[in-house]
Amino acid sequence: MAAEVVARERALRAQVSRLQVVIDRTKVDQEIAEITDADFFQGLERRAEALRGRAEPSRLPSRREVPTGSGGPQATVPAARSAAIRASS
């Protein structure tokens, strides 16, 4: 009898754990929808698409590089270093 109770408790705990994951995933999906459906986000998305359409792919900096603001538009440094430079200025 005690072994059956322990086995049932384990099964129920596993089921609760699975349900919690499903609930959390649903909450995340709802939060993402709230953000992406917002007018502000939609405007950013349209602006990004327009900017991508104007830029030549070969001239875009990589995600880890950003313009430094000195030395012309071609001068880039890694983003972490750029942040350190801006902080010290």
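Readers should treat all values here as calculations from the given coordinates under stated rules, not as data from a laboratory. On a predicted model such as this, the values are computed, not experimentally measured, just so you know. Please note: Cβ atoms are built from the backbone with ideal geometry, for glycine as well, and neighbour counts cover all protein chains shown.
Looking at the stretch 36-49, which of its residues are surrounded by fewer than 10 Cβ atoms within 10 Å (Cβ to Cβ) and among the hydrophobic types (A, V, I, L, M, F, W, C)?
Of everything in the stretch 36-49, just one residue is surrounded by fewer than 10 Cβ atoms within 10 Å (Cβ to Cβ) and among the hydrophobic types (A, V, I, L, M, F, W, C), namely F40.
What are the residue pairs meeting all of these: first residue in the stretch 1-30, first residue exposed (fewer than 10 other Cβ atoms within 10 Å of the Cβ), second residue part of a helix (DSSP H, G or I), Cβ atoms under 7 Å, and 6 or more apart or on different chains?
From residues that are exposed (fewer than 10 other Cβ atoms within 10 Å of the Cβ), there are no pairs.
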